[in-house]
There are 2 protein chains.
Amino acid sequence: MERENMRELKGHAVEYADGDTNFEGYVVVPDKVAANRACVVLTHDWSGLTAPTKGLAARYAALGYVCFALDVYGKGVRGDPIGDNSHLMNPLIEDRSLLQRRLLAGYNAARQFSSVDAARMAVVGYCFGGTCALDLARAKPPHLKAAVSFHGGLKSPDIEEDKPISASILLLHGWNDPMAPPEHVLGIAEELTAAEADWQLHVYGHAQHAFTFEDAKFPERGIVYDRKADERSWAAMRHHLDSSLGG
Amino acid sequence: MERENMRELKGHAVEYADGDTNFEGYVVVPDKVAANRACVVLTHDWSGLTAPTKGLAARYAALGYVCFALDVYGKGVRGDPIGDNSHLMNPLIEDRSLLQRRLLAGYNAARQFSSVDAARMAVVGYCFGGTCALDLARAKPPHLKAAVSFHGGLKSPDIEEDKPISASILLLHGWNDPMAPPEHVLGIAEELTAAEADWQLHVYGHAQHAFTFEDAKFPERGIVYDRKADERSWAAMRHHLDSSLGG
């Protein structure tokens, strides 16, 4: 796997609020920022904004983007990176309107962050974060150019969509992902087609859930790291962000 | 579309036989060949080895590969590039064993061609040629490293497969291709998984059949050029051949 051969960039916490609820995001800025940079909003997996997401944020910043990892759980609400976090995730999966509202709060905070070019925004997420990336695209916020889901949930929500999704969408999917079976793939293809979105789906044969997470070693649950799919999806994401966000 | 900005490389006819049947392929060699080169075997669409396939062969040679366009119809048997060529194609679709035999004859001729590195072989095809590229991979010939199908038929044949497919397979598919509906996509995913093939599927939303052919302007038949899908699939193919065939 291409892990950028450089020291990991340091980030820092950023607080923001939505009404009475406080959130704590995490932002990493590339070295040597001269002009404002395009921004990758990173949506965390079901464990919340924990160390793995912070590590990913540093990798995105190393690509030259300001990476703003948003928080949909709330300040101080964090799960276990390797445990069961459904008690944190499920309330938001069951209330997609609340999830969208929290995504938009984070997105708006990212756009207001210094050194961000608020006209060149993308969202990227992994697992539950992939679902979040798609839900942010479905919310159609201004200037969102691209959305990328790595082994995300693909089940379409029951949210009414009244105008085209303008973000260019890239779904990176392992065919043997038990969390995203073929019927969900067919469903989201239909949904995104009807929504007039520019969309692509890259399917990796044999790959299972969490195929980019090197610590994913739970074959009994279909959660397994896959080096080929990791490398291919990373390259596809880079190409997609490059072409969507420009230089 | 990235059309290589150079004069088109010239090719020439190459005759070969399978038993009593004579075939006429077409080969284009890159400029400045020093060592032997990796070879892209190109499988023609339903019109046979006509001008569009020869133009594609020149584009593959411009990438640095020896491009050997094989012939599954027979010497002098050519169709109409824009007409109905089902009378030529259907006998081979109905006899996949005969088709495989002809594909192997061409493949072997390509491997014996001077300036080809016979250990670094790939096959690429468009439309019916995409089906052919997959059928060649299914025949498991020696040293076939990669197979790429552009808007090819995806229906799996009823051919018994007794060992893993070793070629790395890339399927480039328009979601709205009426010749390759979702049930064929699901079927080939199942087939290639069972065959233990390294496979990827890139789906382009809204794209229809023949999305890389600039002259495809038949929306009433679902045959339409699509610039985005053309560019994306060309880039994906390049990456796939680079990584499968090495330098």
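The values are calculated or read from the model by the stated rules, or taken from the named source; none is laboratory data. Note that the coordinates shown come from a computational prediction; the quantities given were computed from them, not determined experimentally. Here the Cβ is made from the backbone with ideal geometry for all residues, glycine too, and neighbour counts use every protein chain on show. These area figures cover heavy atoms from the full protein model, side chains too; ligands, DNA and RNA do not enter into them. Shrake-Rupley method; radii C 1.70, N 1.55, O 1.52, S 1.80 Å.
Lys and Arg at +1, Asp and Glu at -1: add these up for the other residues within a Cβ distance under 11 Å of residue B:66 and post the number. Net charge around residue B:66: +2. Relative to the Cα centre, the charge distribution of chain B, modelled as +1 at Lys and Arg Cβ and -1 at Asp and Glu Cβ, gives a dipole magnitude of about 820 debye.
On average, how much area does the Cα convex hull of the range A:97-220 cover when viewed from any direction, in nm²?
Working: hull surface 32.9 nm².
Value for the range A:97-220: 8.2 nm².
Peptide B:201-214 shows a mean partner chain C-beta count of 3 within 10 Å per residue C-beta.
Given the pairs B:54/B:145; A:75/A:155; A:54/A:228; B:54/B:75; B:75/B:217, which span a C-alpha to C-alpha distance of over 21 angstrom in this model? Write down the numbers at each step before the final one.
Working: B:54/B:145 23 Å; A:75/A:155 28 Å; A:54/A:228 23 Å; B:54/B:75 15 Å; B:75/B:217 30 Å.
Beyond 21 Å between Cα atoms: B:54/B:145; A:75/A:155; A:54/A:228; B:75/B:217.
Centre-to-centre, using Cα atoms only, the range A:99-113 and the range B:172-247 are separated by 35 Å. Buried between B and A is an accessible area of approximately 1900 Å², summed over both sides with a 1.4 Å probe. Taking the Cα centre of the protein assembly as shown as origin and assigning +1 to Lys and Arg Cβ atoms and -1 to Asp and Glu Cβ atoms, the resulting dipole is close to 1640 debye.
When the accessible area of the range B:48-150 is split by element with a 1.4 Å probe, what percent falls to carbon and sulfur?
Working: 1720 of 3270 Å².
Carbon and sulfur together cover 53 percent of it.
Taking a point 7 Å out from the Cα of residue A:119 in the direction of its Cβ, the residues of the range A:125-166 whose backbone N falls within less than 19 Å of it are A:141-146, A:166. For the range B:153-247, a crude dipole built from +1 on the beta carbon of Lys and Arg and -1 on the beta carbon of Asp and Glu, taken about the Cα centre, is about 460 debye to the nearest 20.
Looking at the square roots a ≥ b ≥ c of the eigenvalues of the Cα gyration tensor of chain B, which shape do they give, rounded for a/c under 1.5, prolate if a/b is larger than b/c, or oblate?
On the way: a/c = 1.22, a/b = 1.14, b/c = 1.07.
Rounded, because the longest to shortest axis ratio a/c is under 1.5.
Ranked by the mean number of other Cβ atoms within 10 Å of their residues, highest first, the peptides A:90-101, B:11-22 fall in the order A:90-101, B:11-22.
Using a 1.4 angstrom probe with every protein chain in place, what is the largest-first accessible-area order of A:239, B:202?
Details: A:239 105, B:202 15 Å².
The most accessible residue leads, giving A:239, B:202.
Over chain B, accessible surface divided per residue gives 41 Å², non-protein components excluded, 1.4 Å probe.
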